[in-house]
Amino acid sequence: MTAPAPSADAPSEALRAHLHDKRHQLQYRLELSALYHQKRARFFDLVDKLSTFIAVAGSTSAVAVVMGAGENSWVYVCFSAVVALVSTVTLVFAPSTKARDHYSLGRDYRHLIAELHAEGDYPRAEVLDQLGAKCAQLEAEEPAALNGLVVECENLLRMAHTGKPVAKLPRPKRWLIHFCDITPPPPIEPTAD
């Protein structure tokens, strides 16, 4: 929960603290989005490369079927079917296009982070409002987020700053975070250390 903005009559130190907090909230939002889109871009790029490899490697079996391979022709037919399936899925879901889209969004968020850093630790309120509006515009262009991947990105950011994760994702769920939307686990209760 954020504190209300100090009034114009408030001491400048309170206003500076408010702007500093607002800056860090915006920075966290931008870093989380940039990391999320970087991970999605890498995943779709990997899917695209794997499907291309399968299509190229499996196409040799299709050639063998056409040329009338001998006794193991059923193996080549199976390979040809796998190639056809993978190629169809690749054409329908277009992982390379999705990778480029996520890469572009991640790049745009990193540009906003750079603009925020250029303003220093205590940017003017107008600058924060402008950057917040640009962030909201980017968020409006995003595809729906996968909750499990968001939690994984939050964990990475939190671990970088405090060494403690937000929530523990079980390994089977971590394997699925790029494929489907999973229900995130409850947050880890802070302990008094």
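The values are calculated or read from the model by the stated rules, or taken from the named source; none is laboratory data. As the structure is a prediction and not an experimental result, all values here were calculated from the model. For neighbour counting, all protein chains shown are included, and Cβ atoms are generated from backbone atoms with ideal geometry for every residue, glycine included. Heavy atoms of the whole protein, side chains included, go into the accessibility calculation; ligands, DNA and RNA do not. Shrake-Rupley method; radii C 1.70, N 1.55, O 1.52, S 1.80 Å.
A few notes on this one:
- DSSP-assigned coil residues among trypsin sites (Lys or Arg not before Pro) in segment 130-177, each with at most 16 further Cβ atoms within 10 Å: LYS168
- Filtered trypsin sites (Lys or Arg not before Pro), segment 81-130: DSSP coil and at most 16 other beta carbons within 10 Å: ARG124
- Solvent-accessible area, 1.4 Å probe, carbon plus sulfur percent, for segment 22-168: 63
- Based on protein heavy atoms only, segment 18-172 ends up with 60 Å² per residue of surface accessible to a 1.4 Å probe.
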